[in-house]
Amino acid sequence: MKIFRFLFLFHFIVISSSVFSQNQFKIDSLKTNLRQSNDNNKKIKLLNELCWLYRNTDTDSALIFGTRALELSDSIVNIEEKLKALSFTGVIYRNKGIYAKALELYYEGVKLAKKHNNFEQLTYAYINIGNLHIYRNEMNQALNFFEKAFESSKNNDNITQKAYLYYNLGRTYTELGNYKKARYFIDRVIKMRKKNHDKEGLTIAKKNLGDILIQEDKTEEALKEYEEALKISKRLNTNKTIIATLKNEIAKIFASQKKYKKAKEYANESLIISQQIGAKFREKEANLTLSNIYKSQNLYKKAYLYYMSYSQIKDYLFSTESDRQINSIKTLFKINEEKNKNEQLQIEKIQNLAEIKQQKIICCLIAGIFLILIFFLLIIIKILNQKKLLKSNSQKILSQSNALKKSEEKYKNILNNMIDVYYQSDNEQNLICINPSGVKELGYDNEEELLGKNFPKDIYYFEDDRAKFLSAIQKEGVVKNFEILLKNKDGKALSFEANSKFMYNNSGKRIGVEGIMRNISKRKASSLEITKLSTAIKQSPTTILITDLQGNIEYANPHFEKLTGYTAKEVMGLNPKNFNSGKTSNKTYVEMWKTISSGKTWKGEFINKKKNGEEFIEKAIVSPIKNDKNEIVNYIAVKEDITKQKDIEEELKTAKEQAEGLNATKDKFFSIIAHDLKSPFNAILGFSNLLLLNHKKISKEKREEYIENISKSSQNAYNLLENLLVWARTQQGAVNFSPEKISLKSLFKNIVELHTKIALGKKITLNYFLTDDININADRNMITSVLHNLITNALKFTNIKGSVNISAMLIEKNVKITVEDNGVGIDKKTQNKIFGLNTSQSKLGTAGETGTGLGLVLCKEFVEKHNGKIWVESELEKGSRFIFTLPTE
């Protein structure tokens, strides 16, 4: 198995090296030919090839070659190469994020290609413009240009170009959420690429297929496509842009699976490659991915740094100036298009006038001939009319009979095909006529079952309602939209809306009632349901907003008014974004609109403000409302005020931090009692016992050594106990803070004298430097304790014959005090946590001195008590500088 892996790796390296060597050989060959050529036509062709080869590996070099090609393009007659120079250089500007310049070159390509009827390059220009709109997230505009590309591509049979067009259509429909269409185009691209053995194009198509699978929540399938595409891309090693893109997409998948180590590895590689080749858009995406990964790990500082890089690139790509330039280029292009159209119309107008003049001459000749023919025709018609007059009189009677028959059939067909119920009843209120819809609505099998039934007795649900119905007709002669309750064959009540009137015979005698009825049972049920829902919305304890497709408010429930202080009338037509406090990121709104416009439900939080300016936090669920054609017609937002809940969470977080601090204090206290305080007493007891048992046997020198060790241990225990007691008092708030005017010169002198004996013991030079006497306003005991601890530490970690210096200098209204040594120094990792209680570490001094690290904790507390700051600057084996500031007043 190991041999197999080695052979596979060796084979992969050989192939990759071979591909790279081939590309490099081709590039070197092109450069050689370029240097040797004096033909501008040949030069621009070579420059175009070099520009295209460098496009995905070195955008700066690619831009140099593309720009040189454009400069030479005015001096050549090869339109094909000039169009390629515009297209290739535009692609490089796009990759570098200079969208306005790219669009300018694309439009120039459109103009030139149209002029010379070069449909292949015209198609490429349209595809490139559409592709640029994808980069700017303008999908509808992208589709518009892809449709133009599709039309112009009908004039040529370039399979590679069609694959490029289908690939971009697939990308666009993926972003628009139409995954079925997107899959259709990408599948066609994959087939084309495989057929043409285009491995680089295949990797790009597979990447887009992975994008679709991600949107369909098929993460594992997407990862498989990305990894397969990356494997091919690495082997080819010709398109670093796609390698960077694939690594970023794989990183996002690993991040979603909480495999953060792998995710960061891939995202970092994507970022490095993007920066190397100058692909700004890809660099932006990699920064965003890294920001999201660190955010998921609660590493907010790193997340923020990467997000700032992402925002800076985004602002660069989508700046106001860039938009202004792009809109200006679009406007100039449209004006030029209109100008060309007007010129073409003028030419057509001149041609039409010439044709009209010619047609007038022909028409005059035809009119003369036509008049002669009409004269003869009128004579013939007069003869024929006399014969037809006799025949028509005989047929008129037959025709009238047939018309009447057809009218009756038409009337019958109308009644039979009516959706509504048509009926007739006689004066005794018996049913004498009903159409098929009436039979169906009332649940009968055929017309015969119903005819002859009495309305009050057999058809009305409440018999007395019939009299009310007839009374209404009697008053007005007709009834309109009169609601009645009928019963079907099974006795079930049905609601109908009737439009009826009395029937009369030819002599004016009333013979019954006729009318049309519509079954409104479902409508009544729906109305009741709507009433229930409306009541629920009005009484809901949550905010409910309904907006149009642009997000403008069409409805706001009473709770919204109660919560925000705005009336429903005040906010009609406004966008909810108007209530934004400014603390909700624009990214939140972008994600929301992307989600709901694709037909999905979005969940998230907003920080909004009320009418009185008070801020509050809302938890929102925003969903699309669709009609029966599955079209989005409105959006509904259900929002809950979670401000108090957030406050409680913040209080819990603070309480947790305080509890952790107390635990750290407790753990440190027990650590000192269990270990650091015990150690000096072990030495005292040990040497005391030796003296007690052997004081007569041991030499004078040994006794003095034991006594000296007992003294040192006692002093260490005392110092430790003193720090411990002071620290314990600070934790209880029992240390008095009594600032007074203190002379630094006097303070330095006293503190140095106290430590001179220890310094002499290690042959260390201990000095203080103060050119002028400086007065400070501070608590004497606290500042003495700070200097004592810092000097003790400096002596502890300075080698024999070293030096410790104390100095002070005025900076505006503060004094900066420094305790500096040339001792062992402190590594960066320890510097970051040296003043922390729960992470403070202690190590032995250069002469084996012990300590707890508690002294630096006290230093930090006492300095900050004076509104000062303390920090350390150090390098290993070069010494340390502990610096703190104090106010002079």
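The values are calculated or read from the model by the stated rules, or taken from the named source; none is laboratory data. Quick caveat: nothing in here was measured; it's all calculated off a predicted structure. Reconstructed Cβ throughout: ideal geometry from the backbone, glycine too, with neighbour counts over all protein chains shown. Remember, those area values only see protein heavy atoms, side chains included, never the ligands or the DNA or RNA. Shrake-Rupley method; radii C 1.70, N 1.55, O 1.52, S 1.80 Å.
Out of the residues in the stretch 89-140 that are farther than 24 Å from residue 240 by Cβ and among the hydroxyl-bearing types (Ser, Thr, Tyr), state the one that is least open to solvent (accessible area, probe 1.4 Å).
Of everything passing the filter in the stretch 89-140, 123 is least open to solvent (accessible area, probe 1.4 Å).
Within the stretch 541-562, can you find the residues that are over 20 Å from residue 624 (Cα atoms) and in contact (Cβ under 8 Å) with a residue 12 or more places away in the chain? Can you show your working first?
Applying the first criterion (over 20 Å from residue 624 (Cα atoms)) to the stretch 541-562 yields 541, 558-559, 561-562.
Residues satisfying the conditions are 541, 558, 559.
Can you tell me which residue among 506, 499, 488 is more than 30 Å from residue 562 (Cα to Cα), modelled with pLDDT under 85 and over 56 Å from the mean Cα position of the chain (by Cα)? I'd like the intermediate steps shown before the answer.
Working: 499 fails: modelled with pLDDT under 85; 488 fails: modelled with pLDDT under 85.
After ruling out the rest, the residue left standing is 506.
If you go through the stretch 753-779, how many residues are in contact with a helix residue (DSSP H, G or I) (Cβ under 8 Å, 6 or more places away or on another chain), of a type in the set (A, V, I, L, M) and in a helix (DSSP H, G or I)?
Step one: list which residues in the stretch 753-779 are in contact with a helix residue (DSSP H, G or I) (Cβ under 8 Å, 6 or more places away or on another chain), which gives 754-755, 758-759, 762, 764-768, 770, 773-776, 779.
Retained after the next criterion (residues that are of a type in the set (A, V, I, L, M)): 754, 758-759, 764, 766, 770, 774, 776.
Still in the running and in a helix (DSSP H, G or I): 754, 758-759.
Going through the stretch 753-779 one residue at a time, the tally reaches 3.
State yes or no: is residue 200 among the charged types (D, E, K, R) and either surrounded by fewer than 22 Cβ atoms within 10 Å (Cβ to Cβ) or on the phi > 0 side of the Ramachandran plot (or both)? Don't jump to the end; show me each part of the working.
On the way: among the charged types (D, E, K, R): yes; either surrounded by fewer than 22 Cβ atoms within 10 Å (Cβ to Cβ) or on the phi > 0 side of the Ramachandran plot (or both): yes.
Criteria met by residue 200.
For the stretch 568-652, which fully contained strands (runs of 3 or more DSSP E) count at least 1 residues that are closer than 30 Å to residue 308 by Cβ and open to solvent by 50 Å² or more (accessible area, probe 1.4 Å)?
602-609, 615-626
In the stretch 761-779, what count of residues is obtained for those that are modelled with pLDDT under 85 and open to solvent by 60 Å² or more (accessible area, probe 1.4 Å)?
Within the stretch 761-779, residues that are modelled with pLDDT under 85 and open to solvent by 60 Å² or more (accessible area, probe 1.4 Å) number 4.
Which of the residues spanning the stretch 71-82 are surrounded by 20 or more Cβ atoms within 10 Å (Cβ to Cβ) and either touching a Ser or Thr at 6+ places or on another chain (Cβ under 9 Å) or under 23 Å from residue 278 (Cα atoms) (or both)? Walk me through it before giving the result.
Of all residues in the stretch 71-82, those surrounded by 20 or more Cβ atoms within 10 Å (Cβ to Cβ) come to 73, 81-82.
81, 82 - these are the residues of the stretch 71-82 that are surrounded by 20 or more Cβ atoms within 10 Å (Cβ to Cβ) and either touching a Ser or Thr at 6+ places or on another chain (Cβ under 9 Å) or under 23 Å from residue 278 (Cα atoms) (or both).
Sort out which residues of the stretch 493-526 are over 21 Å from residue 462 (Cβ atoms), touching a residue at least 24 places away in the same chain (Cβ under 8 Å) and open to solvent by less than 60 Å² (accessible area, probe 1.4 Å), and write them in order of number.
502, 503, 512, 514 - these are the residues of the stretch 493-526 that are over 21 Å from residue 462 (Cβ atoms), touching a residue at least 24 places away in the same chain (Cβ under 8 Å) and open to solvent by less than 60 Å² (accessible area, probe 1.4 Å).
Enumerate the pairs (first residue in the stretch 43-54 and touching a residue at least 12 places away in the same chain (Cβ under 8 Å); second residue anywhere and open to solvent by 10 Å² or more (accessible area, probe 1.4 Å) and basic (Lys, Arg)) with beta-carbon separation below 8 Å, excluding pairs fewer than 6 apart on the same chain, so at least 6 apart or on different chains.
Pairs found: 44/82; 47/68; 48/84; 50/31; 53/26.
I'd like the full set of residues that are at pLDDT 90 or above, part of a helix (DSSP H, G or I) and either touching a His at 6+ places or on another chain (Cβ under 6 Å) or of a type in the set (Ser, Thr, Tyr) (or both), limited to the stretch 780-835.
Passing the criteria: only 791.
Output the residues belonging to the stretch 575-586 that are at pLDDT below 85 and either aromatic (Phe, Trp, Tyr) or touching a strand residue (DSSP E or B) at 6+ places or on another chain (Cβ under 7 Å) (or both).
Within the stretch 575-586, 579, 580, 581, 583 meet the criteria.
Considering only the stretch 689-705, how many residues are part of a helix (DSSP H, G or I), out of contact with any His (no Cβ under 9 Å at 6 or more places or on another chain) and surrounded by 14 or more Cβ atoms within 10 Å (Cβ to Cβ)? Show your work before the answer.
Step one: of the stretch 689-705, the residues part of a helix (DSSP H, G or I) are 689-694, 700-705.
Next, from what is left, pick out any that are out of contact with any His (no Cβ under 9 Å at 6 or more places or on another chain): 689-694, 700-702, 704-705.
With the extra rule that they be surrounded by 14 or more Cβ atoms within 10 Å (Cβ to Cβ), the set shrinks to 690-691, 702.
Of the residues in that region, 3 qualify.
State which residue is farthest from residue 562 (Cα to Cα) when the search covers only the stretch 601-613 and only residues that are touching a residue at least 24 places away in the same chain (Cβ under 8 Å) and of a type outside the set (S, T, N, Q).
If we filter the stretch 601-613 for residues that are touching a residue at least 24 places away in the same chain (Cβ under 8 Å), which is where we start, we get 605-612.
Pick out the ones that are also of a type outside the set (S, T, N, Q) and you get 605-607, 609-611.
Numbers: 605: 20, 606: 18, 607: 17, 609: 13, 610: 10, 611: 11 Å.
Restricting to residues being touching a residue at least 24 places away in the same chain (Cβ under 8 Å) and of a type outside the set (S, T, N, Q), the top hit is 605.
So residue 236 passes all but one of these: (1) surrounded by fewer than 22 Cβ atoms within 10 Å (Cβ to Cβ); (2) within 23 Å of residue 272 (Cα to Cα); (3) under 27 Å from the mean Cα position of the chain (by Cα). Which condition number does it fail?
So residue 236 meets the others, but not (3).
Would you check if residue 145 is modelled with pLDDT of 85 or more and open to solvent by 10 Å² or more (accessible area, probe 1.4 Å)? Spell out how you get there, then give the answer.
Numbers: modelled with pLDDT of 85 or more: yes; open to solvent by 10 Å² or more (accessible area, probe 1.4 Å): yes.
Yes; evaluated as a whole, the condition is true for this residue.
Give me the helices (runs of 4 or more DSSP H) completely within the stretch 405-492, filtered to those with at least 3 residues that are open to solvent by less than 50 Å² (accessible area, probe 1.4 Å) and more than 24 Å from residue 508 (Cβ to Cβ), ordered by residue number. Steps first, please.
Details: elements: 436-441, 447-450, 465-476.
Of the helices (runs of 4 or more DSSP H) lying wholly inside the stretch 405-492, those with at least 3 residues that are open to solvent by less than 50 Å² (accessible area, probe 1.4 Å) and more than 24 Å from residue 508 (Cβ to Cβ) span 436-441.
Residue by residue through the stretch 563-592, note down the ones that are touching a residue at least 24 places away in the same chain (Cβ under 8 Å) and under 11 Å from the mean Cα position of the chain (by Cα).
Answer for the stretch 563-592, where residues must be touching a residue at least 24 places away in the same chain (Cβ under 8 Å) and under 11 Å from the mean Cα position of the chain (by Cα): just 592.
Tell me which residues, restricted to the stretch 203-226, are touching a Leu at 6+ places or on another chain (Cβ under 8 Å) and either acidic (Asp, Glu) or surrounded by fewer than 17 Cβ atoms within 10 Å (Cβ to Cβ) (or both). Outline the logic, then answer.
Quick first cut of the stretch 203-226, residues touching a Leu at 6+ places or on another chain (Cβ under 8 Å) only: 203, 207, 210, 219, 221-222, 225-226.
219, 221, 225, listed by residue number.
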